[in-house]
Amino acid sequence: MLIGRYCDRGRPWLAAVVEITELKVTAFVDFLVDTGADVSMIGPADCHRLGLEPLVYPGAPQVRQSPEPVTGIGGEVYPYLVRARLFFPACDSKHVAVQTVNAMHVVTREMTRLTAANASALPSILGWDILGRFGTLILARGEDDLRLLAKGEGRS
């Protein structure tokens, strides 16, 4: 079972360690749990904080640009795609839930048509491409309950 939290205006967040081996990046990232998002992404603020901006660019080794746009609040962008592993610490054991994402979306501040300040406000997103790998997502904001259960795991 993974436990998230509600903060920042009551929005649901889940933390993970993100490892992008090819770019030699490993760092802690807070993801906004977005049940309306099809794909997960490392947002502009985290991209900048992790030092990814100089590493992801057209023609960079181990990086490719998506042929399909991603559309959301920040507008339409063609994100960079990288292979990443996400390590979610499980709250009730010594285990870690590891998810490998063959095409993790990375959006830099320069990709958006927003000002640098507004682009930096866009969070990293945990969408259904990763959420759907688990069995159950419990979002009960009134009870301060955010849990992500493995397939077959009980709701107790």
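A Cβ distance below 8 Å, combined with a sequence gap of six or more or placement on separate chains, defines the contacts here; from region 6-24, residues that are more than 19 Å from residue 138 (Cα to Cα) reach residues that are surrounded by fewer than 16 Cβ atoms within 10 Å (Cβ to Cβ) and modelled with pLDDT of 90 or more in the pairs 17/26; 17/27; 17/28; 18/26; 18/27; 18/28; 19/26; 20/26. Among the residues of region 1-25, those that are part of a strand (DSSP E or B), aliphatic (A, V, I, L, M) and under 13 Å from residue 83 (Cβ atoms) comprise 18, 20, 25. When residue 3 is tested against (1) closer than 26 Å to residue 137 by Cα; (2) of a type outside the set (S, T, N, Q); (3) loosely packed, with under 14 Cβ neighbours inside 10 Å; (4) at pLDDT below 85, just one condition goes unmet, and that condition is (3). For region 24-77, which residues satisfy the criterion of being at pLDDT 85 or above and of a type in the set (Phe, Trp, Tyr)? 28, 31, listed by residue number.
Please specify each residue of region 114-145 satisfying the condition of being hydrophobic (A, V, I, L, M, F, W, C), part of a loop (DSSP other than H, G, I, E, B) and surrounded by fewer than 18 Cβ atoms within 10 Å (Cβ to Cβ).
Matches in region 114-145: 114, 121.
The number of residues in region 96-113 that are outside any strand (DSSP E or B) and β-branched (Val, Ile, Thr) comes to 3.
The values are calculated or read from the model by the stated rules, or taken from the named source; none is laboratory data. Quick caveat, the model's predicted, so the values are computed rather than measured. Methodologically, a virtual Cβ is constructed for each residue, glycine included, from the backbone with ideal geometry; neighbour enumeration extends over all protein chains shown.
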